[in-house]
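First comes the structure, then the notes that go with it.
Only the coordinates and a few stated rules stand behind these numbers; no lab work does. The model shown is predicted, which means the values in this text are computed figures rather than measured ones. Here the Cβ positions follow ideal geometry from the backbone for every residue, glycine too, while neighbour counts run over all protein chains shown.
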Amino acid sequence: MAFGPENRYAMDGIAVPRADQAALDVGLRKYMLGVYNYMASGLLLTGIIALVVATTPALSQLFWQAVPTPRGVLIAPTILGWAAMLSPLAFILVLSFGINRLSASTAQLLYWLFAAAMGLSLSNIFLIYTGASVARVFFITAGMFAAMSIWGYTTQRDLTKMGSFLMMGLFGIIIASLVNIFIASSALQFAISIIGVVVFVGLTAWDTQRIKNDYISYAYAEGTEVAAKRSVFDALALYLNFVNLFQLLLSLLGNRQE
């Protein structure tokens, strides 16, 4: 955001009087706080549901089953478990491709349903890893996420090109993960986890800057309805960065149940 002639902001061709600087800054802080609140509330809902399912035998047995293998006991999904693991993708697709046709209240409802579905799909982590290591990795993730998000918000460096590179890395991780389902290579899984941490740390900074820049660009062109829907979508992006970073760090640093 730069000052131009006549003390005006230059924002994608929209001239904003300098007198509106304070209002724009206040609006940006309010918007970002709303996005972070959505993200944090979604994570809280996900965590509560995951913990309740994992610690309630009658519920956990509906989604997960212990399968003995030569390497130990494997926590495998039941049919309902597979449904729980795949259902978040459906919500992501609806929110991503239907956001322009949805009302703000519908988008918010879908976000909460998505967070609940993620809780079901992630409940197995409490069956695989010790509670202490889950808590430890969560706080490590929170620290890394906060640091990179603050950097993305405050840096003057344009992260646009970095975003393109990170998206290519993300697609590479997805392809490698699909391949590793069939070859089950521990070395490949370790490499995926390391590269994945780098990718999602970078995406956290990139998404934060993108959200900030989008607000500045569209603050004077959008109504409250559009802004409310966009805040849900932005919270979803940050939520996914956090959850993926957490899962990758857990695979590297978590202690498995005996």
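General observations
- Among A237, M144, T160 - extreme Cα towards positive end, dipole of region 19-253, charges at beta-carbon: M144
- Residues L238, L74, L24 arranged by fewest to most Cβ contacts within 10 Å: L74, L24, L238
- Degrees, to the nearest 10: 160-183 long Cα axis against longest axis of the chain: 10
- Phi angles of region 102-116 translate, via the Karplus equation with coefficients 6.51, -1.76, 1.60 and θ = phi - 60°, into HN-Hα couplings of 8, 6, 4, 5, 5, 4, 5, 4, 5, 5, 5, 5, 4, 4, 5 Hz per residue; Gly and Pro are given as x.
- By the count of other C-beta atoms within 10 Å, a proxy for reagent exposure, W151, W82 are ordered fewest to most as W82, W151.
- A simple charge model with +1 on the Cβ of Lys and Arg, -1 on the Cβ of Asp and Glu and nothing else charged puts the dipole of region 183-258 at about 100 debye relative to its Cα centre.
- Total formal charge among the other residues, if their Cβ is under 13 angstrom from that of M167, Lys/Arg +1 and Asp/Glu -1: +1
- Value of [θ]222 nm, deg cm²/dmol, for the chain, DSSP H segments ≥ 4, -39500 (n - 2.57) each, nearest 500: -26500 deg cm²/dmol
- Proxy reagent accessibility, fewest Cβ within 10 Å first, across L102, L166: L102, L166
- Crossing angle, helix 186-218 versus the chain [Cα axis fit, 0-90 degrees, rounded to tens]: 20
- For Q65, the residues whose modelled amide H falls within less than 5 Å of its own, excluding neighbours fewer than 5 places apart on the same chain, are A76, T78.
- Once the Cα atoms are used to define both axes, helix 224-253 deviates from the longest principal axis of the chain by about 40 degrees.
- Computed from point charges on the beta carbon alone (+1 for Lys and Arg, -1 for Asp and Glu), the dipole magnitude for region 19-253 about its Cα centre is near 280 Debye.
- Set against the labelled values (i) 17.9; (ii) 15.1; (iii) 13.7, mean projected area of the Cα convex hull in nm² computed from this structure falls on (ii).
- Taking region 147-215 and dividing mean pair separation by its residue count, relative contact order in percent (alpha carbons under 8 Å, at least six apart): 59
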